[in-house]
Structures are given as C-alpha cells and as structure tokens.
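For reference, the structure is listed below as structure tokens.
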Amino acid sequence: MLGEHRYSVRATWTGDRGTGTSGYRDYDRAVSIEIDGKPTLLASSDKPFRGDPTRWNPEDLLLASLSECHLLSYLHACVQAGVVVVGYEDDASGLMVEDGRGGGAFSEVVLRPRVTVADAAMVDAATAAHAQANTWCFIANSVNFPVRHEPTIEVADS
C-alpha cells in the first residue's frame, strides 16, 4: 500500500525578553512545540548555542526520532520473523560537527539497542531483524548521514 502522510507542527518562539532579537545575547531560545491533541513540548537550542539545557533541542529530537523509528520498525520486523521481544532499550548517540561558518551537520548516529527475547532460539533472527528495521525506518531513510547499529541480544530469564 502506497500513500502519502502529512504532518504538521506549530513552533512558537517564547523567548522575547522585551527587546526581541536586538542582539545575540538579548533573547532567550525558548520554543513551544505543539501538535493538536498532544502535550506541548518545551524546547530550546542546545546549551553551547545559548539554549536552556533543561529543554529538548533539535539535536535531541533528531536522535530521539531515529531511535524510536528504529525501535518501532524493529518490533514489526520481529513479529514478522517470529521473534518475541520482551524488552528493548536503546542508548543512542550522535555526532554533530560544526563547520566553522556558523553551521554544521550530523556525521553519524549510533544506535545501541539492548533487546531481550523470550527464547534463545530467537537470537539469530532477532539480530538479523535490525537490518530489516533499518530498511523500513522512515527517519533513517530521510537523513544524509550513516545510522549504525550496535545491538545486544539477551534472553529472558526462564
């Protein structure tokens, strides 16, 4: 089934300190991200760019999107392969490199999923399912840098 899926989000800058963007240090990087029917997400730039470290930043959100997309694609791949997943955690990391001209880009993301399967006979298929998940992940297919996987597969206690 082919289809198009449209998404919308409202990003509102809430960081005017009374003088707008009169100077680089004169405004807060606070942003509210809203989608109808969902909780508001408080965001900012990353701390090195004068942001609030207690709020989500675009780099966090990109990494979270890649991690969650792989997780959801992986669960589907496991269902199709007959693998019963009973636990999944990912400690993902990404490397963004500044270009010296005020910009930059991610050079890679590494996903480190720790998957727990129901039976030892499922370990090989569970490992192989990561490749299928990577093929299916819409977000990984949309970025121009490598998304690597370093999975660990464990078997649930009997």
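The values are calculated or read from the model by the stated rules, or taken from the named source; none is laboratory data. The shown structure was predicted, so the numbers you read here are calculated from the model rather than taken from an experiment. Cβ placement follows ideal geometry from the backbone for every residue including glycine, while neighbour counts extend to all protein chains displayed. The accessibility values were calculated without ligands, DNA or RNA, using every heavy atom of the protein model including side chains. Shrake-Rupley method; radii C 1.70, N 1.55, O 1.52, S 1.80 Å.
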### Query
Put +1 on the Cβ of each Lys and Arg and -1 on the Cβ of each Asp and Glu in the chain; which of T152, P53, A81 then has its Cα farthest toward the positive end of the dipole?
P53
### Query
How large, in percent, is the carbon and sulfur part of the accessible surface of the chain at a probe radius of 1.4 Å?
53 percent
#### Entry: Of every Cα-Cα pair in region 4-46, the percent that sits beyond 13 Å
60 percent
### Task
Can you work out the accessible area per residue across the chain, with the rest of the protein chains kept in place, probe 1.4 Å, in square angstrom?
66 Å²
### Task
Would you compute, from DSSP H runs of 4+ residues alone, the mean residue ellipticity of the chain at 222 nm, taking -39500 (n - 2.57) per run and dividing by the full residue count, rounded to the nearest 500?
-8000 deg cm²/dmol
## Note on the structure
For the chain, the Cα-Cα pair-distance distribution in 10 Å bins from 0, as whole percents, is 10, 29, 29, 20, 8, 3, 0
### Query
Within a Cβ distance under 13 Å of A118, other residues only, what is the Lys/Arg minus Asp/Glu net charge?
-3
### Query
Pick from A43, A140, A11: which residue has the top mean-square fluctuation in a GNM of the chain where Cα pairs under 10 Å get a spring?
A11
### Task
First measure r as the distance between the Cβ atoms of D26 and R148, then evaluate 1/(1 + (r/R0)^6) with R0 = 35 Å and state the FRET efficiency to the nearest 0.05.
0.30
